[in-house]
1. Report the full-extension gain for the segment residue 62 to residue 41: residue separation times 0.36 nm, less the Cα-Cα distance, to one decimal in nm.
2. Residue separation times 0.36 nm, minus the C-alpha to C-alpha distance between residue 51 and residue 71: what's the value?
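What follows draws every value from the coordinates through simple rules; no lab data is involved. No experiment lies behind these values; they were computed from the predicted model shown.
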């Protein structure tokens, strides 16, 4: 561990990873654009995504920390590309 001497030594001690003592990665850090893994992976089919209203797409994407910008067609394509794998992507 090292003490940061910048600002006349007024900063708290930091670990070699740059986090303050007692601070975990992502906790208390304003990480509004970071990927977040919810408890469950979405289990929607291609048909579900194609019929999903925009508000639900926005919520789903934001739950995973993914951007919810663009037209509804762009959001659907992004969600399907991110969440449909294998046989569900036909």
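1. Gain in length upon complete extension: 6.2 nm.
2. Length difference between fully extended and current span is 5.7 nm.
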